[in-house]
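The structure appears below as structure tokens.
The values are calculated or read from the model by the stated rules, or taken from the named source; none is laboratory data. Please read these numbers as outputs of a predicted model, since none were measured by experiment. Please note: Cβ atoms are built from the backbone with ideal geometry, for glycine as well, and neighbour counts cover all protein chains shown.
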Amino acid sequence: MDYFPLFFKLTDQPCLVIGAGSCAARKIELLARAGAKITVVAREISPQVATLPDLVIHQKDFEPSDLFGFKWVISATNDTATNQYISDCAKVAGVWVNVVDNPELCDFIFPAIVDRAPITIAISSGGASPVLARLLRAKIETLIPPAYGVLAKLAEKFRETVKQKIIRPENRRIFWENVLQGRVAELIFASQNDAAEQALTDAINQTETLTNTGEVYLIGAGPGAADLLTFRALRLMQQADVVVYDRLVSPDILDLARRDSEKIYVGKARSNHSVPQEEINALLVKLAQEGKRVARLKGGDPFIFGRGGEEIETLMEQGVAFQVVPGITAATGCASYAGIPLTHRDHAQSCIFVTGHLKDDSVHLNWTQLAVPNQTVVIYMGLLGLEKICDSLIAYGSSPDLPIALIEKGTTSHQRVITGTLSTLPDIVKHETIQPPTLIIIGTVVSLHKKLNWFANKAS
């Protein structure tokens, strides 16, 4: 990140503003809302600044000695040389400086702010596009009603009481998550503040029955793109104490999990299982029995070649509570982003999903079934067996000219689609450097790729 986000308490802190035009007025108003003690230095004072309350105004040119006693200075003049001079002087004096609309001269910048005091949200583009930051602020404003500030103040009022009542931090977290997403919150949103306070009091009085019960969330993380997660997946990731994830879960998706959650990597690659499946099953049980909420993130959908069934069998045998959250499987996600419909009235009336290798890493498939015309075959984990797959289909009656596509890193910004036929694709791939994950699609629907390749056209 270009700028590290911090929130400073400016109450009664001395802040210096150089300049007194309309731009300076906007910065002064923001600082005043935060309780800062503001001094203005400028030769000309605009009416906008002159009418602002509680300012100390020195109508003169800036001098380096003006920085004495200040921690913050904002240069809001319309003269480039003056702004450069103020920035240089501030850095020598050890004073943090902001030069309006000139990030290169700044130690700090002003974000776009969503104010739901005591909740404050700051959005910054690092100076790259202030307009975009303001547009994002407008979107967030519509999602977070002012009542969230009232809800935060209610939580603050009872925070110490809850801390004394519920000793274990993990239990307190669960309590507050239930309160802030449940009936208390709904009463606040309905402007029934007294009823909300009573409901919170009742909830606190009932905490004797609160137990720290573990649970496993088996979550399909989708084919790669973070914005293809479901709302439920995101919500459970945000409340999980531990995240157990595999190789196909992208860093962008992992970043959406709760920041303070423990992250445990159990990635499995072909012929290189860092953690055997049986140990993963036992780990999920152990963590849940310790009272932790565990998000088990699996690429794609947990029930489509994701071994989700094996994991929940163990959970059921051990009496561990769990939820299953479906995800967009690689077949539908990658096909959609490659512009290859899996079914089409003119091409395919059925679709088959198969895995390219079995437990012993062999490729033994029902070739007779897969060679049937007018269908689409999707092969997961088939890169290393590609040549045998193509040769076998041809041997069992498929046309050597049958279209086939290999999709690399589907749905992400690094997606690549390589097309050919059963007779040509193995040689094409030999001359390419392919990075997993990959997916293979076979059938005449692949011929629609060039025409329907919307994602590549959009990205370009």
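Mind checking which residues of segment 33-43 are more than 15 Å from Ser75 (Cβ to Cβ) and either at pLDDT below 95 or touching a Leu at 6+ places or on another chain (Cβ under 7 Å) (or both)?
Across segment 33-43, the qualifying residues are Arg33, Ala34, Gly35, Ala36.
Could you run through segment 79-100 and say how many residues are touching a Cys at 6+ places or on another chain (Cβ under 8 Å) and at positive phi?
Number satisfying all stated conditions: 0.
Can you name the residue in segment 271-282 that is of a type outside the set (A, V, I, L, M, F, W, C) and surrounded by 14 or more Cβ atoms within 10 Å (Cβ to Cβ) and, of all such residues, is modelled with the lowest pLDDT?
Restricting to residues being of a type outside the set (A, V, I, L, M, F, W, C) and surrounded by 14 or more Cβ atoms within 10 Å (Cβ to Cβ), the top hit is Gln277.
Within the set of pairs 6 or more residues apart or between chains, which connect a residue that is more than 17 Å from Thr51 (Cβ to Cβ) inside segment 23-39 to a residue that is at pLDDT below 95 and assigned to a helix (DSSP H, G or I) with Cβ atoms less than 7 Å apart?
Correct list of pairs: empty, since none qualify.
Only one residue in Ala226, Ala147, Ala199 is over 30 Å from Gly333 (Cβ atoms), in contact with a Leu (Cβ under 9 Å, 6 or more places away or on another chain) and in contact (Cβ under 8 Å) with a residue 12 or more places away in the chain. Which one? Spell out how you get there, then give the answer.
Values: Ala226 fails: over 30 Å from Gly333 (Cβ atoms); Ala147 fails: in contact with a Leu (Cβ under 9 Å, 6 or more places away or on another chain).
When all the criteria are applied, what remains is Ala199.
Is it the case, given these coordinates, that Val285 is among the aliphatic types (A, V, I, L, M), surrounded by fewer than 21 Cβ atoms within 10 Å (Cβ to Cβ) and touching a Pro at 6+ places or on another chain (Cβ under 9 Å)?
For Val285, the condition - among the aliphatic types (A, V, I, L, M), surrounded by fewer than 21 Cβ atoms within 10 Å (Cβ to Cβ) and touching a Pro at 6+ places or on another chain (Cβ under 9 Å) - is not met.
Quick check: anything in segment 148-157 out of contact with any strand residue (DSSP E or B) (no Cβ under 9 Å at 6 or more places or on another chain) and among the hydroxyl-bearing types (Ser, Thr, Tyr)?
No, segment 148-157 contains no residue that is out of contact with any strand residue (DSSP E or B) (no Cβ under 9 Å at 6 or more places or on another chain) and among the hydroxyl-bearing types (Ser, Thr, Tyr).
Could you go through segment 147-156 and let me know if any residue there is within 30 Å of Glu290 (Cβ to Cβ) and either of a type in the set (Phe, Trp, Tyr) or not assigned by TED's automatic domain parsing to the domain that holds Asp202 (or both).
The answer is no, given that none of the residues of segment 147-156 is within 30 Å of Glu290 (Cβ to Cβ) and either of a type in the set (Phe, Trp, Tyr) or not assigned by TED's automatic domain parsing to the domain that holds Asp202 (or both).
Taking Phe108, is it of a type in the set (Phe, Trp, Tyr) and either in contact (Cβ under 8 Å) with a residue 60 or more places away in the chain or within 30 Å of Ile86 (Cβ to Cβ) (or both)?
Yes: the conditions hold for Phe108.
Could you pull out the residue among Lys60, Lys37, Lys27 that is more than 34 Å from the chain's Cα centre (by Cα), surrounded by 12 or more Cβ atoms within 10 Å (Cβ to Cβ) and of a type outside the set (A, V, I, L, M)?
None of the other options fit; the residue is Lys37.
Taking Leu358 as the residue in question, decide whether it is modelled with pLDDT under 95, out of contact with any Ser or Thr (no Cβ under 9 Å at 6 or more places or on another chain) and under 17 Å from Phe305 (Cβ atoms).
Numbers: modelled with pLDDT under 95: yes; out of contact with any Ser or Thr (no Cβ under 9 Å at 6 or more places or on another chain): yes; under 17 Å from Phe305 (Cβ atoms): yes.
Considered against the rule, which asks whether it is modelled with pLDDT under 95, out of contact with any Ser or Thr (no Cβ under 9 Å at 6 or more places or on another chain) and under 17 Å from Phe305 (Cβ atoms), Leu358 comes out as yes.
May I ask you to verify whether Thr329 is within 30 Å of Lys450 (Cβ to Cβ) and surrounded by 21 or more Cβ atoms within 10 Å (Cβ to Cβ)?
yes
Output the qualifying pairs, or none if there are none: Cβ atoms under 8 angstrom, residues six or more apart or on different chains, first residue in segment 123-144 and touching a residue at least 60 places away in the same chain (Cβ under 8 Å) and assigned to a loop (DSSP other than H, G, I, E, B), second residue among the hydroxyl-bearing types (Ser, Thr, Tyr) and surrounded by 13 or more Cβ atoms within 10 Å (Cβ to Cβ).
Ser124/Tyr3; Gly126/Tyr3
Return yes when Thr421 is polar (S, T, N, Q) and within 32 Å of the chain's Cα centre (by Cα) and no when it is not.
no
Looking at Ile312, is it within 21 Å of Val243 (Cβ to Cβ) and either part of a loop (DSSP other than H, G, I, E, B) or outside the structural domain of Leu406 (by TED's automatic domain parsing) (or both)?
On the way: within 21 Å of Val243 (Cβ to Cβ): yes; either part of a loop (DSSP other than H, G, I, E, B) or outside the structural domain of Leu406 (by TED's automatic domain parsing) (or both): yes.
It is true that Ile312 is within 21 Å of Val243 (Cβ to Cβ) and either part of a loop (DSSP other than H, G, I, E, B) or outside the structural domain of Leu406 (by TED's automatic domain parsing) (or both).
Restricting attention to segment 72-103, which residues are buried (at least 18 other Cβ atoms within 10 Å of the Cβ) and part of a loop (DSSP other than H, G, I, E, B)?
Within segment 72-103, Ala76, Thr77, Val95, Val100 qualify.
Among the residues of segment 48-71, is any assigned to a helix (DSSP H, G or I), closer than 28 Å to Ser125 by Cβ and among the acidic types (Asp, Glu)?
No.
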